[in-house]
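The values are calculated or read from the model by the stated rules, or taken from the named source; none is laboratory data. What you see is a predicted model; the values in this text were computed from it and never measured. Cβ sites come from the backbone with ideal geometry, for glycine too, and all protein chains shown count toward neighbours.
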Amino acid sequence: MAEAIKIDELDIAFKEQVLEKIPDAGFDLCLTCGTCTGGCPASEQFDMDPRKLVRMLNLGMDDQIKKSNWIWVCSMCGRCLFVCPMNVDIPKLVYNLRKSVPRENRPKGIIGSCDQHIRSGNAMGVPTKDFIFTVTDVAEEIAEEQPEFKDLKVSVDREGAMMALNQNSREPVTEPDELGPLWKILHTVGADWTYPSVMWAGENYCMFLADDEGWKYILEEFVFHIDNNIKSPMVVNTE
(Lines give C-alpha, C1' and ligand atoms only; values in the text may rest on other atoms or scores of the structure.)
Protein backbone atom coordinates (compact mmCIF):
# COMPACT_ATOMS: atom_id res chain seq x y z
CA MET A 1 0.00 0.00 0.00
CA ALA A 2 1.25 3.48 -0.88
CA GLU A 3 2.45 5.56 2.04
CA ALA A 4 0.08 8.34 3.11
CA ILE A 5 1.14 11.91 2.44
CA LYS A 6 1.48 13.90 5.66
CA ILE A 7 0.13 17.34 4.85
CA ASP A 8 1.77 19.06 7.81
CA GLU A 9 5.21 18.03 6.56
CA LEU A 10 4.81 19.61 3.13
CA ASP A 11 6.08 23.02 2.02
CA ILE A 12 4.37 24.77 -0.92
CA ALA A 13 7.40 26.93 -1.72
CA PHE A 14 7.31 26.48 -5.50
CA LYS A 15 3.58 27.17 -5.65
CA GLU A 16 4.14 30.46 -3.85
CA GLN A 17 6.97 31.37 -6.24
CA VAL A 18 4.73 30.80 -9.26
CA LEU A 19 1.84 32.73 -7.72
CA GLU A 20 4.13 35.74 -7.26
CA LYS A 21 4.47 35.84 -11.06
CA ILE A 22 0.91 34.83 -11.98
CA PRO A 23 -1.31 35.67 -9.00
CA ASP A 24 -4.49 34.86 -10.92
CA ALA A 25 -3.39 31.30 -11.78
CA GLY A 26 -6.08 29.90 -9.49
CA PHE A 27 -4.35 26.71 -8.35
CA ASP A 28 -6.37 26.58 -5.10
CA LEU A 29 -9.59 26.67 -7.11
CA CYS A 30 -8.91 23.27 -8.72
CA LEU A 31 -11.89 20.93 -8.26
CA THR A 32 -9.93 17.85 -9.39
CA CYS A 33 -12.77 17.26 -11.88
CA GLY A 34 -10.37 15.89 -14.50
CA THR A 35 -11.72 17.97 -17.40
CA CYS A 36 -8.20 19.17 -18.14
CA THR A 37 -6.85 15.63 -18.27
CA GLY A 38 -9.67 14.32 -20.46
CA GLY A 39 -8.60 16.54 -23.35
CA CYS A 40 -4.84 16.60 -22.80
CA PRO A 41 -2.78 14.97 -25.59
CA ALA A 42 0.11 14.50 -23.16
CA SER A 43 -1.99 12.87 -20.45
CA GLU A 44 -0.50 9.69 -18.93
CA GLN A 45 2.93 10.31 -20.44
CA PHE A 46 5.61 9.78 -17.78
CA ASP A 47 2.84 8.79 -15.37
CA MET A 48 1.57 12.37 -15.20
CA ASP A 49 -1.41 14.45 -16.30
CA PRO A 50 -2.58 18.06 -15.71
CA ARG A 51 -4.86 17.24 -12.79
CA LYS A 52 -2.15 15.26 -11.02
CA LEU A 53 0.33 18.07 -11.62
CA VAL A 54 -1.90 20.65 -9.94
CA ARG A 55 -2.67 18.32 -7.04
CA MET A 56 1.03 17.71 -6.46
CA LEU A 57 1.67 21.45 -6.60
CA ASN A 58 -1.05 22.15 -4.04
CA LEU A 59 0.30 19.42 -1.78
CA GLY A 60 3.80 20.85 -1.89
CA MET A 61 5.36 17.91 -3.71
CA ASP A 62 7.91 20.22 -5.31
CA ASP A 63 10.78 17.76 -5.62
CA GLN A 64 8.66 15.10 -7.31
CA ILE A 65 7.24 17.63 -9.77
CA LYS A 66 10.65 18.97 -10.73
CA LYS A 67 11.98 15.47 -11.35
CA SER A 68 9.22 14.66 -13.83
CA ASN A 69 10.00 14.90 -17.54
CA TRP A 70 6.31 15.46 -18.26
CA ILE A 71 6.80 19.21 -18.42
CA TRP A 72 8.74 18.69 -21.66
CA VAL A 73 6.05 16.65 -23.43
CA CYS A 74 3.30 19.13 -22.57
CA SER A 75 2.92 21.43 -25.59
CA MET A 76 1.34 24.23 -23.57
CA CYS A 77 -1.46 24.17 -26.14
CA GLY A 78 -3.86 25.67 -23.59
CA ARG A 79 -6.64 23.15 -24.05
CA CYS A 80 -6.66 22.41 -20.33
CA LEU A 81 -7.07 26.09 -19.50
CA PHE A 82 -9.79 26.52 -22.12
CA VAL A 83 -11.97 23.76 -20.67
CA CYS A 84 -11.21 24.29 -16.97
CA PRO A 85 -14.36 25.49 -15.14
CA MET A 86 -12.18 27.33 -12.61
CA ASN A 87 -9.72 28.81 -15.13
CA VAL A 88 -6.65 27.20 -13.52
CA ASP A 89 -3.65 28.29 -15.60
CA ILE A 90 -1.76 25.05 -16.10
CA PRO A 91 0.25 26.20 -19.18
CA LYS A 92 1.84 29.02 -17.17
CA LEU A 93 2.60 26.54 -14.40
CA VAL A 94 4.38 24.30 -16.91
CA TYR A 95 6.31 27.27 -18.31
CA ASN A 96 7.51 28.25 -14.85
CA LEU A 97 8.46 24.66 -14.09
CA ARG A 98 10.64 24.67 -17.18
CA LYS A 99 12.23 27.96 -16.13
CA SER A 100 13.06 26.43 -12.76
CA VAL A 101 15.31 23.87 -14.46
CA PRO A 102 18.90 25.10 -15.03
CA ARG A 103 19.29 25.77 -18.75
CA GLU A 104 22.08 23.23 -19.18
CA ASN A 105 19.80 20.52 -17.76
CA ARG A 106 16.93 21.17 -20.15
CA PRO A 107 16.50 18.83 -23.17
CA LYS A 108 19.55 19.12 -25.41
CA GLY A 109 17.53 18.95 -28.63
CA ILE A 110 15.38 21.91 -27.63
CA ILE A 111 18.43 23.89 -26.50
CA GLY A 112 20.07 23.23 -29.87
CA SER A 113 17.00 24.31 -31.83
CA CYS A 114 16.65 27.48 -29.78
CA ASP A 115 20.30 28.42 -30.21
CA GLN A 116 20.17 27.60 -33.92
CA HIS A 117 17.18 29.89 -34.37
CA ILE A 118 19.00 32.75 -32.67
CA ARG A 119 22.07 32.24 -34.89
CA SER A 120 20.42 31.63 -38.25
CA GLY A 121 16.81 32.78 -38.01
CA ASN A 122 15.29 29.30 -37.97
CA ALA A 123 15.55 26.10 -35.95
CA MET A 124 16.90 24.06 -38.88
CA GLY A 125 19.84 26.36 -39.55
CA VAL A 126 18.83 27.04 -43.16
CA PRO A 127 20.86 29.89 -44.71
CA THR A 128 18.56 32.69 -45.87
CA LYS A 129 19.76 32.41 -49.47
CA ASP A 130 18.88 28.70 -49.48
CA PHE A 131 15.41 29.44 -48.13
CA ILE A 132 14.81 32.04 -50.84
CA PHE A 133 16.11 29.69 -53.53
CA THR A 134 13.90 26.83 -52.34
CA VAL A 135 10.62 28.75 -52.18
CA THR A 136 11.31 30.43 -55.51
CA ASP A 137 12.18 27.14 -57.19
CA VAL A 138 9.14 25.29 -55.82
CA ALA A 139 6.81 28.14 -56.86
CA GLU A 140 8.22 28.15 -60.40
CA GLU A 141 7.78 24.39 -60.62
CA ILE A 142 4.13 24.63 -59.58
CA ALA A 143 3.48 27.43 -62.08
CA GLU A 144 5.08 25.42 -64.91
CA GLU A 145 3.42 22.09 -64.18
CA GLN A 146 -0.07 23.17 -63.05
CA PRO A 147 -1.82 25.47 -65.57
CA GLU A 148 -4.42 26.62 -63.04
CA PHE A 149 -1.58 28.14 -61.00
CA LYS A 150 0.49 29.54 -63.86
CA ASP A 151 0.35 33.00 -62.27
CA LEU A 152 1.45 31.79 -58.82
CA LYS A 153 4.13 34.03 -57.34
CA VAL A 154 6.01 33.73 -54.07
CA SER A 155 7.96 36.73 -52.84
CA VAL A 156 10.38 37.41 -50.02
CA ASP A 157 10.61 40.84 -48.36
CA ARG A 158 8.15 42.45 -50.76
CA GLU A 159 7.57 45.86 -49.25
CA GLY A 160 3.96 46.83 -48.63
CA ALA A 161 2.43 43.35 -48.80
CA MET A 162 -0.73 43.11 -46.71
CA MET A 163 0.45 40.00 -44.86
CA ALA A 164 3.86 38.76 -43.75
CA LEU A 165 3.72 34.98 -43.50
CA ASN A 166 6.15 32.83 -41.55
CA GLN A 167 6.98 29.21 -42.28
CA ASN A 168 7.94 26.06 -40.38
CA SER A 169 11.62 25.72 -41.26
CA ARG A 170 11.44 21.94 -41.51
CA GLU A 171 9.42 22.04 -44.75
CA PRO A 172 11.92 23.86 -46.99
CA VAL A 173 14.55 21.35 -45.89
CA THR A 174 12.76 18.00 -45.72
CA GLU A 175 9.31 18.49 -47.26
CA PRO A 176 9.46 21.26 -49.91
CA ASP A 177 6.41 19.82 -51.68
CA GLU A 178 4.40 20.66 -48.56
CA LEU A 179 4.93 24.36 -49.18
CA GLY A 180 2.59 24.45 -52.14
CA PRO A 181 -0.88 23.76 -50.66
CA LEU A 182 -0.93 26.91 -48.52
CA TRP A 183 0.39 29.00 -51.40
CA LYS A 184 -2.39 27.71 -53.64
CA ILE A 185 -5.03 28.68 -51.09
CA LEU A 186 -3.57 32.17 -50.73
CA HIS A 187 -3.32 32.51 -54.52
CA THR A 188 -6.90 31.33 -55.06
CA VAL A 189 -8.36 33.87 -52.63
CA GLY A 190 -6.17 36.66 -53.96
CA ALA A 191 -4.21 37.22 -50.74
CA ASP A 192 -1.46 39.83 -50.80
CA TRP A 193 1.40 38.26 -48.86
CA THR A 194 5.16 37.83 -48.63
CA TYR A 195 7.74 35.94 -46.62
CA PRO A 196 10.21 37.85 -44.44
CA SER A 197 13.90 36.99 -44.71
CA VAL A 198 14.61 37.73 -41.04
CA MET A 199 13.49 35.21 -38.40
CA TRP A 200 11.21 33.73 -41.05
CA ALA A 201 10.59 30.46 -39.20
CA GLY A 202 7.22 30.02 -37.52
CA GLU A 203 8.44 27.71 -34.76
CA ASN A 204 10.09 29.14 -31.66
CA TYR A 205 11.89 26.56 -29.56
CA CYS A 206 13.19 29.27 -27.24
CA MET A 207 9.61 29.72 -26.08
CA PHE A 208 9.29 25.96 -25.62
CA LEU A 209 12.58 25.97 -23.74
CA ALA A 210 11.33 28.77 -21.43
CA ASP A 211 14.30 30.87 -22.53
CA ASP A 212 12.83 34.35 -22.14
CA GLU A 213 15.83 36.18 -23.54
CA GLY A 214 16.09 34.00 -26.63
CA TRP A 215 12.36 34.15 -27.23
CA LYS A 216 12.40 37.94 -26.86
CA TYR A 217 15.36 38.34 -29.22
CA ILE A 218 13.74 36.29 -31.99
CA LEU A 219 10.47 38.21 -31.77
CA GLU A 220 12.13 41.62 -31.59
CA GLU A 221 14.23 40.92 -34.69
CA PHE A 222 11.16 39.61 -36.54
CA VAL A 223 8.93 42.53 -35.56
CA PHE A 224 11.58 45.12 -36.38
CA HIS A 225 12.02 43.66 -39.87
CA ILE A 226 8.26 43.55 -40.51
CA ASP A 227 7.63 47.09 -39.23
CA ASN A 228 10.63 48.84 -40.77
CA ASN A 229 11.46 46.93 -43.95
CA ILE A 230 8.43 45.04 -45.24
CA LYS A 231 5.91 47.36 -43.54
CA SER A 232 3.13 44.79 -43.58
CA PRO A 233 0.16 45.65 -41.34
CA MET A 234 -0.57 41.97 -40.63
CA VAL A 235 1.42 38.90 -39.63
CA VAL A 236 0.09 35.36 -40.18
CA ASN A 237 1.74 32.74 -37.98
CA THR A 238 1.40 29.29 -39.55
CA GLU A 239 2.40 27.56 -36.33
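Remarks
- Number of residues in the stretch 184-239 that are in a loop (DSSP other than H, G, I, E, B), at negative phi and not aliphatic (A, V, I, L, M) equals 13.
- Selection within the stretch 199-229 - out of contact with any Cys (no Cβ under 7 Å at 6 or more places or on another chain) and surrounded by 17 or more Cβ atoms within 10 Å (Cβ to Cβ): Met199, Trp200, Ala201, Gly202, Glu203, Asn204, Met207, Phe208, Ala210, Phe222, His225, Ile226
- Taken together, the residues in the stretch 38-60 that are crowded, with 21+ Cβ neighbours inside 10 Å and within 22 Å of Pro102 (Cβ to Cβ) amount to 3.
- Condition met for Trp183 (touching a Leu at 6+ places or on another chain (Cβ under 8 Å) and over 20 Å from Ser75 (Cα atoms)): yes
- Conditions (1) surrounded by fewer than 19 Cβ atoms within 10 Å (Cβ to Cβ); (2) outside any helix (DSSP H, G or I); (3) not aliphatic (A, V, I, L, M); number of the one not met by Asp63: (2)
- Residue within the stretch 175-183 that is at pLDDT below 95, crowded, with 20+ Cβ neighbours inside 10 Å and either among the aromatic types (Phe, Trp, Tyr) or closer than 18 Å to Ser120 by Cβ (or both) present: no
- Candidate set from the stretch 182-239 (those that are without any contact (Cβ under 8 Å) to a residue 60 or more places away in the chain and either among the small types (Gly, Ala, Ser) or in contact with a Ser or Thr (Cβ under 6 Å, 6 or more places away or on another chain) (or both)); member that is nearest to Arg103 (Cα to Cα): Gly202
- From Arg51, Arg98, residue being at pLDDT 90 or above, assigned to a helix (DSSP H, G or I), charged (D, E, K, R) and over 19 Å from the mean Cα position of the chain (by Cα): Arg51
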